[in-house]
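Take a look at the structure set out below.
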Amino acid sequence: MPASLPAAWRDHAARNLPRYTSYPTSVSFTPADGEAELRGWLAAMRPAQPISAYVHVPFCRRLCWYCGCHTTVVHAYDRVGAFHEVLLREVDLWADALGPHAGMAHLHFGGGSPNALAPADFRSLVRRLADRLRLRPGAEVAAELDPGVLSPAFIDAAGEAGVTRVSLGVQTFDPEVQARVNRIQPTSLVTEAVERIRAAGVAGVNFDLMYGLPGQTPGNVRGSVMRALELRPDRVAVFGYAHVPWMKKHQVMIQEAELAGVDGRWAQAEAADEAMLAGGYVRIGLDHYALPDDPLSRAAEAGRLRRNFQGYTDDPAPVLIPVGPSSIGRFNEGFVQNAVATDAWSAAIGRGELPVFRRLAVTAEDELRAAVIERLMCEMAVDVGEVCRARGFDAGALDEAVAAAADLEADGLATVRGRTVRVPEAARRMMRVVAACFDACLPQTARRHAKAV
Ligand code: SF4
């Protein structure tokens, strides 16, 4: 990719755009009017379809100033313990409401910090999910964990519970940057956590790293990547900090003046990219990297890479069960989101109701646009006419969007031949700009998203 941000890309890079982990994005969801619609979707499950589940644990033991997640800091365990009991009841509610399915292919814990749960509670939660949603043999069980507060007992519990992959929120190894974002975690903590995770039999280790934080420079971003690669994680995601204090109030702890502009962010992302490639990793989609023999790399090579709420995945399941406050689920007919506030979520479960508060039924056109956007985000190329025909549309159904992509050609962000749209390798980091051409919801939702770079 270019060493510095090309002048022609500067305005595009400053645009507020979705990350396209779904289309339409969650800002298009509307309030759910009772459970009837969702229960209809659940009853209409297809017996041959595998399912996945996402479990959100909305608690942390510390608040990082950059955090963009739904979470609350807790210091006493009673609130988390009570939450765990409600979570178990929610698993039962979903299991009872689901129509026939082919078992759970992928189970993902995020947050917040799943390791805010006590080790025994995490073990019992995994067991309940595995029993009631019928975890398939060989399924992936992944957990995002905060290495700064990760106990050896929790790691051992994760291993015993059958966790197959752990994602550690490393973000940066630079102590000064850590101090500026309120996330102090000495390198030795991460090193010891990785050693223990592997010793506990968890085969996959992912790292999340960040650029664009206050105090970050291309030099210290490169240094963090090189230090991370000494621990040989299987996958690394390199995210740009999204400064959206109008949505995440605690981000006011980070002054806008402390942050690099688009040129600085580009240089930092570029430094990370160079170090990842030099370390022998391959690029996956927008911002992920993996070892060449990792299943994600193989999926990308074979055209099986998928984009979902957890980022990039090889999980083929078309149905995602949302568990925990704010979790988003996907069904054949549309999306649902659980109540964001833990009290409202808990009260609904107490009444024996599925705790869904927002929803979106997708249209055939939504699904068509989603398919095009997903291919662009995963493969950086799509034959739009072919996708239209395969979904029963006229080959020219999205010609207006193809023409919008063609307008990007002069700036070197896309090439369009017939109805085939490609993102050049040099413009990989800008792929959201090309994907946005196919987003019919964008004008109404633009302000709610973060900058493209
Ligand atoms: S540990 Fe993760 S979820 Fe919790 S505050 Fe920090 S960034 Fe947010």
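The values are calculated or read from the model by the stated rules, or taken from the named source; none is laboratory data. Not measured: the values here are computed from a predicted model. Virtual Cβ from ideal backbone geometry, glycine too; neighbours counted across all protein chains shown.
If we scan region 38-55, do we find a residue that is surrounded by 14 or more Cβ atoms within 10 Å (Cβ to Cβ) and free of Cβ contacts under 8 Å to residues at least 60 places away in the same chain? No, every residue in region 38-55 fails to be surrounded by 14 or more Cβ atoms within 10 Å (Cβ to Cβ) and free of Cβ contacts under 8 Å to residues at least 60 places away in the same chain. Reported count of residues in region 115-147, each being part of a helix (DSSP H, G or I) and touching a Gly at 6+ places or on another chain (Cβ under 8 Å), is 4.
Could you figure out which of (1) closer than 30 Å to Asp394 by Cβ; (2) part of a loop (DSSP other than H, G, I, E, B) isn't true of Ala371? For Ala371, the failing item is (2). May I ask you to list the residues in region 408-447 that are in contact with a helix residue (DSSP H, G or I) (Cβ under 8 Å, 6 or more places away or on another chain), acidic (Asp, Glu) and over 16 Å from Val372 (Cβ atoms)? Selection gives Asp411 alone. In the condition set (1) assigned by TED's automatic domain parsing to the domain that holds Pro214; (2) in contact with an Asp or Glu (Cβ under 6 Å, 6 or more places away or on another chain), Leu5 is compliant with all but (1). In region 148-169, of all residues being charged (D, E, K, R) and in a helix (DSSP H, G or I), the one that is farthest from the ligand (Cβ to nearest atom) corresponds to Glu160. If you go through region 170-179 and pick out every residue that is buried (at least 19 other Cβ atoms within 10 Å of the Cβ) and either in contact (Cβ under 8 Å) with a residue 40 or more places away in the chain or more than 14 Å from the ligand (Cβ to nearest atom) (or both), you end up with 6. Does region 99-114 contain at least one residue that is among the hydroxyl-bearing types (Ser, Thr, Tyr) and within 16 Å of the ligand (Cβ to nearest atom)? The answer is yes; a qualifying residue exists.
If you go through region 214-253 and pick out every residue that is over 19 Å from Ala271 (Cβ atoms), over 23 Å from the mean Cα position of the chain (by Cα) and surrounded by 15 or more Cβ atoms within 10 Å (Cβ to Cβ), you end up with 1. Scanning region 114-125 for residues that are surrounded by fewer than 23 Cβ atoms within 10 Å (Cβ to Cβ) and closer than 17 Å to Pro322 by Cβ returns a single hit, Leu125. Within region 180-198, restricting attention to residues that are in contact (Cβ under 8 Å) with a residue 12 or more places away in the chain and either small (Gly, Ala, Ser) or outside any helix (DSSP H, G or I) (or both), the residue that is surrounded by the most Cβ atoms within 10 Å (Cβ to Cβ) is Ala193. Of the numbered criteria (1) farther than 12 Å from Ala272 by Cβ; (2) in contact (Cβ under 8 Å) with a residue 24 or more places away in the chain, the one Met210 fails is (1).
When His75 is tested against (1) within 16 Å of the ligand (Cβ to nearest atom); (2) touching a Pro at 6+ places or on another chain (Cβ under 9 Å); (3) not in a helix (DSSP H, G or I), exactly one condition is not met: (2). Checked against the criterion of being free of Cβ contacts under 8 Å to residues at least 40 places away in the same chain and of a type outside the set (Ser, Thr, Tyr), the candidates Val238, Val262, Val244, Val252 yield just one match: Val252. Quick check on region 29-36. Is at least one of its residues farther than 30 Å from Gln178 by Cα, of a type in the set (Asp, Glu) and in contact (Cβ under 8 Å) with a residue 24 or more places away in the chain? Scanning region 29-36, I find at least one residue that is farther than 30 Å from Gln178 by Cα, of a type in the set (Asp, Glu) and in contact (Cβ under 8 Å) with a residue 24 or more places away in the chain, so the answer is yes. Counting the residues of region 45-72 that are part of a loop (DSSP other than H, G, I, E, B) and either within 16 Å of the ligand (Cβ to nearest atom) or in contact with a Ser or Thr (Cβ under 8 Å, 6 or more places away or on another chain) (or both) gives 12.
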